[in-house]
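The values are calculated or read from the model by the stated rules, or taken from the named source; none is laboratory data. These numbers come from a predicted model, not from an experiment. Cβ atoms come from the backbone with ideal geometry, glycine included; neighbour counts cover every protein chain shown. Heavy atoms of the whole protein, side chains included, go into the accessibility calculation; ligands, DNA and RNA do not. Shrake-Rupley method; radii C 1.70, N 1.55, O 1.52, S 1.80 Å.
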There are 2 protein chains.
Amino acid sequence: MSITIKDVAKKAGVSISTVSRVINSSKPVSSEIRQKVLKIIEDTGYQPNPIARSLVMKKSQLIGVVVPDISNFFIGEILNGIEEIGKMYGYDILLCNTYGQLEQELRYLNLLQAKQVEGIVFMTWKLQDQLVEYIEKIDTPVVLINRNTSKLLIPSVSIDNFQAAYEMTKYIFDNGHKKIALIRNSLDQDAFGFDQFRGYQKALEENGLEIDDNLVRYGNFKLENSYEIVKEFIQKDILPTAIFATSDVMAIGAINCLLDNGYEVPGDVSVVGFNDIKLASIYRPNLTTIHQPIYDIGAVSIRIIVKMINKEELDSNVVILPHELVERDSSKKIK
Amino acid sequence: MSITIKDVAKKAGVSISTVSRVINSSKPVSSEIRQKVLKIIEDTGYQPNPIARSLVMKKSQLIGVVVPDISNFFIGEILNGIEEIGKMYGYDILLCNTYGQLEQELRYLNLLQAKQVEGIVFMTWKLQDQLVEYIEKIDTPVVLINRNTSKLLIPSVSIDNFQAAYEMTKYIFDNGHKKIALIRNSLDQDAFGFDQFRGYQKALEENGLEIDDNLVRYGNFKLENSYEIVKEFIQKDILPTAIFATSDVMAIGAINCLLDNGYEVPGDVSVVGFNDIKLASIYRPNLTTIHQPIYDIGAVSIRIIVKMINKEELDSNVVILPHELVERDSSKKIK
DNA sequence: GTGAAAGCGCTAACAC
DNA sequence: GTGTTAGCGCTTTCAC
């Protein structure tokens, strides 16, 4: 059995309240006694039982993190930020993987509350209404990642997906492309996928281009999926000169398909991505893409949660981090 | 304030022990009362406080997972297995990221014990003696991932790195290569990196080849690192016909360097990897590599931890999972 | 400045 | 079968 506060108190010849006071510096203790207690703690290697402490303080020092896929490249990088900053504030991370399934998401949200986590960082591919409803109802602070919640009560952190997609589309257009396919994410209307679509739309319209429904396709974040879409472009002989995929992995799927079918990138087709995951600069050709401050997204989300836990006022419900268009080797000018 | 067992007891007009009994089915309760209590639990949405329960049961239902890099591709995939099987057994995952730094590793090991986790899954790049010593000393069950601990007391799960590296080297040799570089991991002698080296060594020796010290190099799991190594090969004009990197990411670093310098893969140089992370079949050329059952490694590690928690006998301290050589497009026969 | 005692929400003897 | 009670290890009034 490990050593408790009682043991320390006994050895020090003081009451447990006194020991508690020196541990927490919650009230003044005479320097003499403090030293004695400290010494005994040192000697015995006593560590306060956080569970007992949690029980009385009603604080678990735990933050739940719900993600749709731990092994997803983008998410892995976000987790780095979450973990590091979380630990900085003394919070441990309870990790939950939902595979993006609503049922799992609801289950974990419930489980995490039962576990008394103090806050939840939530990420999903598709933010279903039922989820929003549930999240807005619960007491535990929740912050959403990678999703603009300006219409909701839930705080969030993301980049300006509309603006980023606009810039990227404009960039492609400025490079001489007139046929620009969009492989977007199949998501609900309030999602970032919709914002991105609007950005794409605006850039085309501004430049007098019409949206070609054949060239706007829904992907599902999977490489195989964009691969198939491009295959269809080829088969139907409607291959555009540029493809804008709203995730790097989908961009790579597109490029792989092109390469497999004897096309050159960017020689025949320019392909650009979104996110700038590590892979974007590992893969050849290096991806032209929208750089997101991925680590910071995780870091900021924790900072928000901590503020909410401490009942501090949030400057804003929606935090928008800066993005940047990174020009690499998968796109080129045409005339 | 949320509802407690007391409230339920009062509403049901029974004692709290009875409520506890129906919650835990720990002792028979008359069907009539059981129904009544169940109904009230249903109505009130009562959920037992796991912290209070932990305090008295001395069980936290938490498993600590310590990894050197959450965003590492290989580790992300392992985490999937850990999370899923862990949840299956009712355990939550406390995630800790160490960046492979001994100081952090020790700190987290300590923190996790203080948090009363019931077991720890531990992963690191370099298993330092100090760590082994510490782990062997503590009461909390620990299992090591991706490391053969046959000489230690600590259980582990991994593949047969020696055999796998042997097979891969032999495969390359059988493809006609006589100059085979090895980019191995710079690790302590008991590590899998050493086993892999021995496998490489054996395959060469069996075939009457000598080890060329210029061609056996230490990488550090980083892409940039193997990139530099290959650059040096080129500069010194000692480029071999085949490069065996003991991680897929390092293999890709090698290929990138070759491509950047105008070489073809596998045209001029065959490059093979190790692990078979998702990226291995996304990257072009697809990597010839050693397939590890990555998800299963995570899954099995949790099963072992659960057995240890339950004080069940382990069949074996060291679990070796099967591997497989996967032939893809980054290697070819030469004459 | 210090100690006694109550109580966080729960489980598990122990009685009946 | 059911209720009473004693803790689990800690924080925090409330006295002194």
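Restricting attention to region B:19-29, the residues that are of a type outside the set (Val, Ile, Thr) and near DNA strand D (Cβ under 9 Å from one of its atoms) total 4. For region A:4-18, name all the residues that are of a type in the set (A, V, I, L, M, F, W, C) and either under 40 Å from the mean Cα position of the chain (by Cα) or near DNA strand D (Cβ under 7 Å from one of its atoms) (or both). The answer is A:ILE5, A:ILE16. Looking across region A:1-25, the residues that are crowded, with 16+ Cβ neighbours inside 10 Å and not in a loop (DSSP other than H, G, I, E, B) come down to A:ILE5, A:ASP7, A:VAL8, A:ALA9, A:LYS11, A:ALA12, A:THR18, A:VAL19, A:SER20, A:ARG21, A:VAL22, A:ILE23.
For (1) over 30 Å from A:GLN128 (Cβ atoms); (2) over 39 Å from the mean Cα position of the chain (by Cα); (3) within 13 Å of chain B (Cβ to nearest Cβ), each residue gets a yes or a no:
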{"position": "A:ILE23", "(1), (2), (3)": "yes, no, yes"}
{"position": "A:VAL29", "(1), (2), (3)": "yes, yes, no"}
{"position": "A:LYS36", "(1), (2), (3)": "yes, yes, no"}
{"position": "A:ALA52", "(1), (2), (3)": "yes, no, yes"}
{"position": "A:MET57", "(1), (2), (3)": "yes, no, yes"}
{"position": "A:VAL66", "(1), (2), (3)": "no, no, yes"}
{"position": "A:GLY81", "(1), (2), (3)": "no, no, yes"}
{"position": "A:GLY86", "(1), (2), (3)": "no, no, yes"}
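Taken together, B:GLN47, B:GLN61, B:GLN116 contain a single residue that is within 14 Å of DNA strand C (Cβ to nearest atom) and closer than 23 Å to A:ASP69 by Cα, which is B:GLN61.
For B:LYS178, the conditions (1) open to solvent by 30 Å² or more (accessible area, probe 1.4 Å); (2) out of contact with any Leu (no Cβ under 8 Å at 6 or more places or on another chain) are fulfilled apart from (2).
Only one of the numbered conditions (1) within 24 Å of B:VAL66 (Cβ to Cβ); (2) modelled with pLDDT of 95 or more; (3) basic (Lys, Arg) is not met by B:LYS278, and that is (2). Just to be sure I understand, how many residues within region B:283-331 are closer than 30 Å to B:PHE173 by Cβ and touching a Gly at 6+ places or on another chain (Cβ under 8 Å)? Number of matching residues: 8.
For region B:259-286, name all the residues that are touching a strand residue (DSSP E or B) at 6+ places or on another chain (Cβ under 7 Å) and open to solvent by less than 10 Å² (accessible area, probe 1.4 Å). Across region B:259-286, the qualifying residues are B:VAL269, B:SER270, B:VAL271, B:VAL272, B:GLY273, B:PHE274, B:ALA280.
Within region B:88-116, the set of residues being assigned to a loop (DSSP other than H, G, I, E, B), free of Cβ contacts under 8 Å to residues at least 60 places away in the same chain and either more than 7 Å from chain A (Cβ to nearest Cβ) or touching a Gly at 6+ places or on another chain (Cβ under 7 Å) (or both) comprises B:GLY90, B:THR98, B:TYR99, B:GLY100, B:GLN101.
Residue by residue, here is whether (1) in contact with an Asp or Glu (Cβ under 7 Å, 6 or more places away or on another chain); (2) farther than 24 Å from A:SER281 by Cβ; (3) outside any loop (DSSP other than H, G, I, E, B) holds:
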{"position": "A:PHE194", "(1), (2), (3)": "no, yes, yes"}
{"position": "A:TYR200", "(1), (2), (3)": "no, no, yes"}
{"position": "A:GLY208", "(1), (2), (3)": "no, yes, no"}
{"position": "A:PHE221", "(1), (2), (3)": "no, no, no"}
{"position": "A:VAL230", "(1), (2), (3)": "no, no, yes"}
{"position": "A:ILE243", "(1), (2), (3)": "no, no, yes"}
{"position": "A:ALA251", "(1), (2), (3)": "no, no, yes"}
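Based on what the data block shows, is B:VAL157 open to solvent by less than 60 Å² (accessible area, probe 1.4 Å) and touching a residue at least 24 places away in the same chain (Cβ under 8 Å)? When the stated conditions are applied, B:VAL157 passes them. Scoring A:ILE75 on the criteria (1) within 30 Å of A:ASN275 (Cβ to Cβ); (2) within 12 Å of DNA strand C (Cβ to nearest atom) leaves a single failure, condition (2). From the set of residues in region B:45-80 that are of a type in the set (Ser, Thr, Tyr) and within 13 Å of DNA strand D (Cβ to nearest atom), which is modelled with the lowest pLDDT? Checked region B:45-80; the qualifying residue modelled with the lowest pLDDT is B:SER60.
For region B:26-51, the set of residues classified as hydrophobic (A, V, I, L, M, F, W, C) and open to solvent by less than 40 Å² (accessible area, probe 1.4 Å) consists of B:VAL29, B:VAL37, B:ILE40, B:ILE41, B:ILE51, listed by residue number. Given the structure, is A:LEU314 modelled with pLDDT under 95 and either open to solvent by 20 Å² or more (accessible area, probe 1.4 Å) or over 26 Å from B:SER226 (Cβ atoms) (or both)? It is true that A:LEU314 is modelled with pLDDT under 95 and either open to solvent by 20 Å² or more (accessible area, probe 1.4 Å) or over 26 Å from B:SER226 (Cβ atoms) (or both). Only a single item in (1) within 27 Å of the chain's Cα centre (by Cα); (2) among the acidic types (Asp, Glu); (3) not in a helix (DSSP H, G or I) is not met by A:ASP237, and it is number (1). From the list A:ASN310, A:ASN317, the one residue that fits, being over 26 Å from A:ALA165 (Cα atoms) and in the same structural domain as A:PHE74 (by TED's automatic domain parsing), is A:ASN310. Applying the set (1) crowded, with 22+ Cβ neighbours inside 10 Å; (2) charged (D, E, K, R); (3) more than 17 Å from the chain's Cα centre (by Cα) to A:LYS202 leaves exactly one unmet item: (1). The residue that is farthest from the other protein chains (Cβ to nearest Cβ), counting only those in region A:68-79 that are assigned to a loop (DSSP other than H, G, I, E, B) and in contact with a helix residue (DSSP H, G or I) (Cβ under 7 Å, 6 or more places away or on another chain), is A:ASP69. Filtered by the rule that a residue be within 13 Å of another protein chain (Cβ to nearest Cβ) and part of a loop (DSSP other than H, G, I, E, B), region A:117-147 gives A:VAL117, A:GLU118, A:ILE138, A:ASP139, A:THR140.
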